[in-house]
Amino acid sequence: MPHLILIHGWAFTKEVFPKGSGIRIDLPCHGDRESEFLSLIDFAKEVGKEIPKGWDIVGWSMGASVSILVALLFPQKVRSLFLLGATSHFGRIWDPKTVKAFKIKVKREGADFFRKRAFPKSFKGKLNVDCALKLLDEFVDLKVDRYLPFIKANVVLLHGLKDPIVPPKEALRLYNLLSGSKLIFSFDGHFPAKDEGDLIRKVLKIRENL
């Protein structure tokens, strides 16, 4: 098994990553942890305490923000970060009016419409909507820009040029704040690969040269 810690994005579960690709972790309110709420910082602390030393973290969207927090809190444990569809401040790109309308739609319809926009194939997974929307509020407010220069791990940014959730300019912003980072664009959407298998192949290939 590759030495990868994998953290999915909002409204998905660890099943978005292939079995055998590493240690897959569900966000609070999602998947096997759908009944459990933890703040993003407390969740990052929990992850950092449990993961093996010297492994790489693959984080997608909200999972990328958690990965950044883990690398800041436990620098001795994280070898590299692979940040997918990431932003240093989600609230900068989704204004309060957009967030409010999105939350109303999720409460009314569920999260499947978002899953279709964010992931290249159909996805089903357990989600505690009220709990997840509370976590989304935290994500909107989270700002990590000022702390990024303190990250010691290798950082690789993978971002889709057709991302409808987090604009590619956010990847450029991260690239400029993370000294020595690598930025790789692809002609994909919010999930920067054709599917989950393609993503893991990409990560493992890049990992060989870090």
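No lab work stands behind these numbers, since they all come straight from the coordinates. Values in this document were obtained by computation on a predicted structure and should not be read as measured data. Don't worry about glycine lacking a Cβ; one is built from the backbone with ideal geometry, like all the others, and counts go over all protein chains shown.
Just a few scattered comments:
- Proximal charge balance of Lys126 [Cβ under 10 Å; K/R count +1, D/E count -1]: -2
- Rounded to the nearest 500, the helix-only mean residue ellipticity at 222 nm of the chain stands at -11500 deg cm²/dmol, with each DSSP H run of n ≥ 4 adding -39,500 (n - 2.57).
- Overall Cα dimensions of the stretch 113-210 - principal axes, largest extent first, Å: 38, 31, 21
- The chain - Rg (one decimal) and Dmax (whole number), Cα, Å: 15.5, 46
- Net charge in the neighbourhood of Ser179 (other residues with Cβ under 15 Å of its Cβ; Lys, Arg +1, Asp, Glu -1) is +3.
- Computed Rg/Rh of the stretch 6-128, alpha carbon atoms with Kirkwood Rh: 0.96
- In order along the stretch 185-202, phi translates into HN-Hα couplings of 8, 9, 8, 10, x, 5, 8, x, 6, 5, 6, 5, x, 4, 4, 5, 4, 4 Hz, rounded to whole numbers, per the Karplus curve 6.51 cos²θ - 1.76 cosθ + 1.60 with θ = phi - 60° and x for Gly and Pro.
- Which of His89, Gly197, Gly54, positive extreme of dipole for the stretch 4-207 (C-beta unit charges): Gly197
- Gyration tensor (alpha-carbon) shape descriptor, the stretch 73-132, a/c threshold 1.5: prolate
- Low-density loop positions, chymotrypsin sites (Phe, Trp or Tyr not before Pro), the stretch 144-210 - DSSP coil, at most 10 other Cβ in 10 Å: Phe187
- Bridge type composition, the chain - antiparallel percent by DSSP, nearest 5: 5 percent
- The charge dipole of the chain, taken about its Cα centre with unit charges on the Cβ of Lys, Arg, Asp and Glu (plus for the first two, minus for the last two), comes to roughly 360 debye.
- Annotation for the stretch 26-81: trypsin sites (Lys or Arg not before Pro) lying in DSSP loop with at most 12 further Cβ atoms inside 10 Å of their Cβ are Lys53.
- Each residue of the stretch 137-143 is assigned a 3J(HN,Hα), and the resulting list reads 4, 4, 4, 4, 7, 5, 10 Hz, derived from the Karplus form 6.51 cos²θ - 1.76 cosθ + 1.60 (θ = phi - 60°), x at Gly and Pro.
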